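Here the structure comes first, spelled out in structure tokens, and everything after it is commentary.
The values are calculated or read from the model by the stated rules, or taken from the named source; none is laboratory data. From a predicted model like this one, the values you see are computed outputs, not experimental measurements. Neighbour counts run over all protein chains shown; Cβ positions are idealised from the backbone, glycine included. Side chains are part of the model used for accessible areas, which takes the heavy atoms of the whole protein and leaves out ligands, DNA and RNA. Shrake-Rupley method; radii C 1.70, N 1.55, O 1.52, S 1.80 Å.
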Amino acid sequence: MKAKLGWGLIGASTIAREWMVDAINAQPDSQVVNIMSSSPVRAQQFAHTHHIARHCTALDEFLADPAIDVVYISTTNELHKEQTLAAAHAGKHVLCEKPLALTLADAKAMDAACAKAGVVLGANHHLRNAVTHRTLRKLIAEGAIGQPLAARVFHAVYLPPHLQGWRINAPQAGGGVILDITVHDVDTLRFVLDANLESVMAMEAQQGMAQHRLGDAVMGVMRFDNGVLAQFHDAFTIQHTGTGMQIHGTEGSLLAEDVMTQQPIGKLYLRRHADVEEIETDPPENLYMRSVRLFNQAVKGEGQPAASAQDGIQSLAGALAVAESAQTGKQVEVQS
Ligand code: NDP
């Protein structure tokens, strides 16, 4: 094994630029060595800005680079499947952005291809890496709120102008609020509750930002296999509120403020009757740095990615069920 795992990026994306390049290069055991973009100009500029040794526009050339051990895919969602299959075929480990794919069958094909090639596949559901969500999961498992009964997720945000592209105008690219935000709610609730999603009902709307048949706001209810009912509100259109999560149990409620975010921030409270106590957490760690750290370890055979391929598949299944419910107006059972 080399001293540093070489990471190659597919997609000169915002998430790569704002978070992932630094997260990869911050590890003592990994470094970005190549960037592939569909645009030669973007590839060259991205490589120059981030001091990446090589850049290219052809997938074959990229995957033939022996310096690449791990491929990070952050293209638009419709491209994740083919790029993952090609990377697996070339023997590269894959950390793929969420949603893993546009259909459950495609996500399962990605998992199967990586398993067959003997490479690790992870989904970059960053919120599992937040110390806040990890503390919630631990407290619930320890019985701090007794039996969990209900949850609420507040994940309505304002999509910043520089991201008002394919998310709001390209159904074929997997745009829309459900595949962008609700998929994170499903994953985070699955993680915090240590439960799987069984059934959903949802209603979607266009509130002035999304076009074509895409939604920019969704509300709904989820039922988990431990009996928890969860309300959720996700949007691209809300400018004047924070995010959060609440979990209510038989012995108390956990209230989490400003936790559905990319930043390592947020506060936790435990409420019993009228008494509210702030909960101390371990020191926060950059969510994306933890994701890369655990992925590097998984590549070395030490543990699992923060969100495994199975997590990516199950969380996608939940989001697709929400989309189907919003379209049909019916309650939808989540496929597995
Ligand atoms: P961007 O719109 O920034 O980038 C998506 C792709 O668009 C890029 O890979 C790039 O591909 C192409 N692109 C970039 N700039 C331009 C341009 N000026 N004109 C035309 N094409 C361009 O998307 P995001 O970074 O916001 O999202 C990428 C992926 O990451 C998605 O799957 C998303 O769901 C996920 N994501 C995950 C987050 C998380 O926290 N886990 C947060 C944000 C996004 P190329 O260079 O190859 O042409």
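The table below lists the values:
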quantity: The range 28-63 residues near the modelled Glu285 label - backbone nitrogen below 20 Å, point 7 Å along Cα→Cβ; calculated: 28-32
quantity: Within the range 1-126: Cβ-based charge dipole about Cα centre, in debye rounded to nearest 20 (Lys, Arg +1; Asp, Glu -1); calculated: 100 debye
quantity: Average accessible surface area per residue within the range 253-336, 1.4 Å rolling probe, Å²; calculated: 51 Å²
quantity: Dipole of the chain, positive end: most advanced residue of Pro264, Thr103, His240 [Cβ charges, Cα centre]; calculated: Thr103
quantity: Estimated Rh, the chain: Kirkwood, alpha-carbon pairs, angstrom; calculated: 20.3 Å
quantity: Given charges at beta-carbon only (K, R positive; D, E negative), |dipole| of the chain in Debye; calculated: 440 debye
quantity: Potential extension, Asp275-Asp22 segment - 0.36 nm per residue separation minus Cα distance; calculated: 87.0 nm
quantity: Amide H partners (placed H, <5 Å) of Ser30, local residues excluded; calculated: Leu5
quantity: Neighbour net charge for Lys108 - beta-carbon separation under 14 angstrom, K R +1, D E -1; calculated: -1
quantity: Relative contact order of the range 258-336, defined on C-alpha pairs under 8 angstrom at six or more residues apart (%); calculated: 15 percent
quantity: Theoretical gain in end-to-end length, Leu149 to Thr57 [0.36 nm per residue, Cα-Cα removed]; calculated: 28.1 nm
quantity: Theoretical FRET efficiency, 1/(1+(r/R0)^6), r = Cβ-Cβ of Arg213 and Ala141, R0 51 Å, to 0.05; calculated: 0.80
quantity: Calculated FRET value between Val41 and Lys267, using beta carbons and R₀ = 45 Å, to 0.05; calculated: 0.55
quantity: Three principal axis lengths of the range 151-290 [C-alpha, angstrom, descending]; calculated: 47, 32, 28
quantity: Counted charge near Asn226, where neighbours are those whose Cβ lies closer than 14 Å (Asp, Glu -1; Lys, Arg +1); calculated: 0
quantity: Along principal axes, Cα extents of the range 143-192, largest first, whole Å; calculated: 44, 20, 13
quantity: Alpha-carbon Rg/Rh ratio, for the range 1-128, with Rh computed the Kirkwood way; calculated: 0.93
quantity: Convex hull volume per residue in cubic angstrom - Cα atoms of the range 48-197; calculated: 159 Å³
quantity: For His55, net neighbour charge (Lys/Arg +1, Asp/Glu -1) across residues whose Cβ lies under 11 Å away; calculated: 0
quantity: Compactness relative to 2.2 N^0.38 Å, alpha carbon Rg of the range 148-232; calculated: 1.16
quantity: Accessible carbon and sulfur surface of the chain relative to its total accessible area, %, 1.4 Å; calculated: 50 percent
quantity: Beta bridge orientation in the chain: antiparallel %, DSSP, nearest 5; calculated: 60 percent
quantity: Rounded to 10°, Cα long-axis angle of helix 183-193 versus longest principal axis of the chain; calculated: 60 degrees
